[in-house]
Structures are given as structure tokens and as C-alpha cells.
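One structure below.
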Amino acid sequence: MSTPPRTRRAVNHRAPTAVNALPENSRTKIIARVVLLIALSLVSVWIGQDFLAPIGWAFVIAITTWPLYLKFSNLFGAHRESSLPPFLFTAIAGAMIFLPVALASHRASEDVQSLERTFVEYRQNGIPVPEWLQHVPAVGELGSRWWKANLSDPAAAAVWIGQSDRKEQAAMTRSVGAEVAHRMFLFLIALIALFSILRHGAWIANRFLDTADRLLGAPGERLASKLVDAIRGTVNGTVIVAVVEGALIGAAYFVAGVPHAFLFGLLTMAFAMLPFGAWAVFTSVSLLLVAQGGSVVAAAGIFGFGAIVMLIGDTFVWPALVGNAARLPFLLALIGIFGGLEAFGLIGLFLGPVILAALLMVWREWLVPAPARVDRPIDSKAS
């Protein structure tokens, strides 16, 4: 998040006064303030620990979309400083996040209901032998006989599928409903936080820069700017890779004749931003195609093509884009992405590269003497 230059406070580049050179009374006050600040920060984190993730997501979204929000707010002219631009922008961002998830949930509920009806029919009438099994070379006839003996009989099919337990289903429904309500509440908290950050973005950025200047001096402001660029580049790289992966796999849906191919393509794009999300989508599409009597070869082709796209995209393209945006070597970008995911959860996809980018910048600019640096870009126009 950047702020207009006119709103930034001037940085005092005078040499900071050493704490040991201060009078005893002043040193005591400084130590007391630092201890109080640390204590209040720890207590605040403990109180709001359940809300750290949605607030963190709000900051990530605000930092990434801040240039776009400034252009959006300028459309309101004299009212750009009011609460209307951040409210509308938050509503649009929330809709773009919520609609794909709601659409996927609705589609999943329909598929679960259809699957449950299919299981009820199988328990009553048995599972019929699929036509393709009889045409499998060498094992087709043997497999068909085994299927008739073990799955086509209703009693045998019930043993394999299992009996329906209404109490267990009711308990699972209540558990899922409570989890969905909790997630919706956290999503609402994230939207409220996003609105507040956008509404007071310039003030928050100035206070952050002031704090960095007081604690670290001029290098602190540069570090803050690099971190903002790293977050923005990481999110943009993630979105670009997810869109390309979803478009390629969605094209495979059309070629294979998958019903609702466009809808599943959009869901693949949205879930490609989540770890193994796209894998779940195109695997479900492959199974759905077979369950509806489609070609097994087409279903296997969708799964194989989707796996190739995701392996190349997530293993090579995504870390390369994120590494370039955060100015990280490929290996550090890879470690930052997957290490951050394991350490911090989903938001670690962005925190991991940012933390490593900050470490690398501190090492390059603060610890390495200026004459020893060899990573500065060379101006080819210079004589």
C-alpha cells in the first residue's frame, strides 16, 4: 500500500542518539515503554488470535488491490474521501470471492444428493455391471463374473457400500452447518476489516512508515516498500497462474464433453488458488463423467492432462513468478511458498515468500557492505 508523497512525514536522517548516552531517567522511560508495548502487543494477539487470519487476509487483499482502489475512488470525484468508495469496493471484492465458493457449494450439495440417491438405489437393486468392463481385454469376463457375484446382488452391495445411518447423517449435517456458519462469520470479519483498511489506508500507511523510520531509520522505509511489492507480486502471480491453469483444464472439459464444462472451468480457476483445490475439482469431474456413463478414456485424459498442467504450473511456473515478484531465487521462492503453507496455513502462501524476501533484503542491503554487492542492475546506457 503506497501513500501520496505529500502525506508522508519527512525522515530524520540525523544519527540516532544511543540509548546508553541518555540520562538514567530517560533510559528507564524508554525501557518501560518498550516493555509496555511488547506486553500490550502480546495480550492483543492473545485476545484476537481467532481473528488474525481474516484480518491478515484483509491486509493482503487491501495491499494487492490498493492501486486499483485508488483509480476506483477517483471515479467518485469530490466524494472519494467518503465511506462510499471503500464500501462499494469491499462489496465487489466480497462478491468476487463469495460467488465462486457459493456456486461450488451449491453444485457440491446437488452432487451429494444425487450420489445419495444413487447409493439408495444400489442398496435396493445392486450395482449393475458397467458395459466397459466386459470389453477389457484378458480380465473383462473374469471381472464381470466377480462384479455380478459381489456387487450386483443387493445384499452384497449393501455390505460394500454400508448401511445408511440417519443419526450419523444428522450429526454430520449439524457439524457441517456449524462449520459453515463459523466460516461465514470469519468472512464477514474479513470484509469489515477490508473496509476499514481501505477507508483509512493512507493514515495506516503513514503510521507504518513513521514507525519504521523511528525504529530502523531510512532503511526501514525501503524495507516496508519492498514488502508491499513482494505481497502484491505474490498475489498477482498466484492469480495469473490459477487463471491459466483453470483455462487449460477447462478447455479439456470442453474437448471431453463434460456437462457444464464452463462452470467447472470457472470452479477450477477459483480453486486453483488453493492448495490442491484444482486437483479436487478435475478429479471430481473425471469421476462424475464416468458415473454419468461417459467415456473412461476421456475421464482418464482429463485427470492426466490436469495433473500435468498442475505439476508444471505449481512446481515451476508459480514459484518462478513469485520469486521474480519478490526478487527471490527459485529455491527460496519454492521453500517460502510450501514452508509458509505448512507453518501458517493458507495465508502462508503469501507470508512465506514475503518473510524470505525481507530476510534477503536485510542481508543484501544492511549486512553486506555496499562495495561488495554484485547484484545491482547494470545500466546498459551508461558509458
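Taking the listed residues 231, 312, the one that is within 19 Å of residue 97 (Cα to Cα) and either in contact with a helix residue (DSSP H, G or I) (Cβ under 9 Å, 6 or more places away or on another chain) or not assigned by TED's automatic domain parsing to the domain that holds residue 59 (or both) is 231, with no other qualifying. Regarding residue 268, is this residue within 18 Å of the chain's Cα centre (by Cα), at pLDDT 80 or above and among the hydroxyl-bearing types (Ser, Thr, Tyr)? Yes, satisfied. Within region 217-237, being crowded, with 16+ Cβ neighbours inside 10 Å and over 29 Å from residue 318 (Cα atoms) holds for one residue alone: 217. Got at least one residue in region 308-318 being at pLDDT below 85 and part of a loop (DSSP other than H, G, I, E, B)? Within region 308-318, none of the residues are at pLDDT below 85 and part of a loop (DSSP other than H, G, I, E, B).
Select from region 292-315 the residues that are within 18 Å of the chain's Cα centre (by Cα) and free of Cβ contacts under 8 Å to residues at least 40 places away in the same chain and list them in ascending order.
Step one: list which residues in region 292-315 are within 18 Å of the chain's Cα centre (by Cα), which gives 310-311, 313-315.
311, 315 - these are the residues of region 292-315 that are within 18 Å of the chain's Cα centre (by Cα) and free of Cβ contacts under 8 Å to residues at least 40 places away in the same chain.
Within region 73-93, the only residue that satisfies the criterion of being touching a Leu at 6+ places or on another chain (Cβ under 8 Å), aromatic (Phe, Trp, Tyr) and in a helix (DSSP H, G or I) is 89. Evaluated against (1) surrounded by fewer than 17 Cβ atoms within 10 Å (Cβ to Cβ); (2) closer than 30 Å to residue 33 by Cα; (3) under 26 Å from the mean Cα position of the chain (by Cα); (4) of a type outside the set (A, V, I, L, M, F, W, C), residue 201 falls short on exactly one condition, (1). Within region 48-59, is there a residue that is free of Cβ contacts under 8 Å to residues at least 24 places away in the same chain, under 21 Å from residue 352 (Cβ atoms) and surrounded by 10 or more Cβ atoms within 10 Å (Cβ to Cβ)? Yes, because at least one residue in region 48-59 is free of Cβ contacts under 8 Å to residues at least 24 places away in the same chain, under 21 Å from residue 352 (Cβ atoms) and surrounded by 10 or more Cβ atoms within 10 Å (Cβ to Cβ).
Residue-by-condition table, conditions (1) closer than 30 Å to residue 266 by Cβ; (2) surrounded by 13 or more Cβ atoms within 10 Å (Cβ to Cβ); (3) modelled with pLDDT of 75 or more; (4) aromatic (Phe, Trp, Tyr):
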position	(1), (2), (3), (4)
92	yes, no, yes, no
136	no, yes, no, no
150	no, yes, no, no
170	no, no, no, no
189	yes, yes, yes, no
193	yes, yes, yes, no
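Scanning for something over 25 Å from residue 316 (Cβ atoms), surrounded by 10 or more Cβ atoms within 10 Å (Cβ to Cβ) and modelled with pLDDT of 55 or more, does region 340-363 turn up at least one residue? Yes - at least one qualifying residue is present in region 340-363. Is it the case that some residue within region 238-260 is surrounded by fewer than 18 Cβ atoms within 10 Å (Cβ to Cβ), under 23 Å from residue 345 (Cβ atoms), at pLDDT below 85 and not assigned by TED's automatic domain parsing to the domain that holds residue 127? Looking for residues that are surrounded by fewer than 18 Cβ atoms within 10 Å (Cβ to Cβ), under 23 Å from residue 345 (Cβ atoms), at pLDDT below 85 and not assigned by TED's automatic domain parsing to the domain that holds residue 127, one finds at least one in region 238-260, hence yes.
Considering 273, 269, which residue is farther than 24 Å from residue 130 by Cα and not in a helix (DSSP H, G or I)? Explain how you work it out, then say what you get.
Values: 269 fails: not in a helix (DSSP H, G or I).
So the residue among 273, 269 that is farther than 24 Å from residue 130 by Cα and not in a helix (DSSP H, G or I) is 273.
So, of the residues in region 278-288 that are crowded, with 17+ Cβ neighbours inside 10 Å and closer than 27 Å to residue 317 by Cβ, which turns out to be nearest to the chain's Cα centre (by Cα)? Steps first, please.
Of the residues in region 278-288, the ones crowded, with 17+ Cβ neighbours inside 10 Å are 278-279, 281-282, 285-286, 288.
Next, from what is left, pick out any that are closer than 27 Å to residue 317 by Cβ: 278-279, 281-282, 285-286.
On the way: 278: 12, 279: 15, 281: 16, 282: 18, 285: 22, 286: 24 Å.
Once the filter is applied, the top-ranked residue is 278.
The values are calculated or read from the model by the stated rules, or taken from the named source; none is laboratory data. Note that the structure is a prediction, hence the values are computed from the model and not measured. Quick reminder, even Gly has a Cβ in these numbers, built from the backbone with ideal geometry, and neighbours come from all protein chains shown.
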